[in-house]
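Working notes, beginning with the structure itself.
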Amino acid sequence: MRRFNNNEDPSDDVVMTRTFYPIGSSVIEGSQAPITYQLDKKSRKFARPLPNTDINTTEGVLEQNTY
């Protein structure tokens, strides 16, 4: 999804938005207002950590993502 969010033409960008109800002790709190999360353009939150086994196997060629 990230490559669709980083174009030269800003009218073609995709912004990911998700809405969730709050959860308390394994129960959905339907009486509370839902919370909306959004990943903005060029957000670092798209990056996920690489497994340490992959970094160790490549003997440092791969570097951990910064997020």
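The values are calculated or read from the model by the stated rules, or taken from the named source; none is laboratory data. A quick note: this is a predicted structure, and the numbers were derived from the prediction, not measured. We place every Cβ from the backbone using ideal geometry, glycine too, and count neighbours over all the protein chains shown. These accessible areas exclude ligands, DNA and RNA; they are computed on the full protein's heavy atoms, side chains included. Shrake-Rupley method; radii C 1.70, N 1.55, O 1.52, S 1.80 Å.
Which residues make up the longest stretch of the chain clear of trypsin sites (Lys or Arg not before Pro) that lie in a DSSP loop with no more than 16 other Cβ atoms within 10 Å, not counting the sites? Maximal segment without exposed cleavage sites: 1-40. Helix content alone sets the calculated 222 nm mean residue ellipticity of the chain: runs of n ≥ 4 DSSP H residues at -39500 (n - 2.57) each, divided across all residues, give -2000 deg cm²/dmol. Only Cα pairs under 8 Å and 6+ residues apart enter the sum, and on that basis the relative contact order of the chain stands at 25 percent.
Each residue, Gln32 and Asp9, gets one label point 7 Å from its Cα in the Cβ direction; the gap between the two is 4.2 nm.
By accessible area, using a 1.4 Å probe on protein heavy atoms only, the chain has 52% of its surface on carbon and sulfur. With all protein chains kept in place, the per residue accessible area of the chain amounts to 88 square angstrom at a probe of 1.4 angstrom.
As a calculated quantity, the FRET efficiency between Ser25 and Phe46 at R0 = 25 Å, using C-beta atoms, amounts to about 0.25.
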